Amino acid sequence: MEGPRGPGDGHSAAVSGDGKWLAVGSQDGIVKVWDASSPSPRARDLSGHTAPVRGVDINFDGSAVLGASEDLYASMWRMAG
């Protein structure tokens, strides 16, 4: 599982209530989401922020991910099953 690349790159993380999904907010303004139940998880990049993502949350079943950034915006992404 590929994660943050260097010191300070991953600023926040959240796990869905069912333990299947992991979301990480990073320095480059991207939120990365992994299906932790997959035998070979690959990150899905959620873009839209122009500054480091300092907060992330994910709902119980992983169908929605939220990110809050230093760009003073909060974003929500709906995830397809």
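The values are calculated or read from the model by the stated rules, or taken from the named source; none is laboratory data. Nothing here was measured: the structure is a model prediction, and the numbers come from that model. For accessibility, only protein heavy atoms count, side chains too; no ligands or nucleic acids. Shrake-Rupley method; radii C 1.70, N 1.55, O 1.52, S 1.80 Å.
Just subtract the alpha-carbon distance of Ser63 and Asp45 from 0.36 nm times their residue separation and send over the number in nm, one decimal. Show your work: numbers first, answer last.
On the way: separation 18, 0.36 × 18 = 6.48 nm, distance 1.49 nm.
5.0 nm is the gain from fully extending Ser63 to Asp45.
Need the full-extension length gain, Met76 to Ala13, defined as separation in residues times 0.36 nm minus the C-alpha distance. One decimal, nm.
Numbers: separation 63, 0.36 × 63 = 22.68 nm, distance 1.50 nm.
Extending this stretch completely gives an extra 21.2 nm.
Rounded if a/c is under 1.5, else prolate if a/b is larger than b/c, else oblate: which is the chain, with a ≥ b ≥ c the root eigenvalues of its Cα gyration tensor? Intermediate results must be reported in sequence, preceding the final value.
Details: a/c = 1.98, a/b = 1.30, b/c = 1.52.
It comes out oblate by the Cα gyration axes.
Please report the relative contact order for region 19-81, taking Cα pairs under 8 Å with a sequence separation of at least 6, and give it as a percent rounded to a whole number.
28
Please work out the average accessible area per residue across the chain, using the 1.4 Å probe convention, and give it in Å².
Result: 58 Å² per residue.
Quantify, in whole percent, the carbon and sulfur part of the accessible surface of the chain (1.4 Å probe; protein heavy atoms only).
Numbers: 2480 of 4730 Å².
Carbon plus sulfur share of accessible area: 52 percent.
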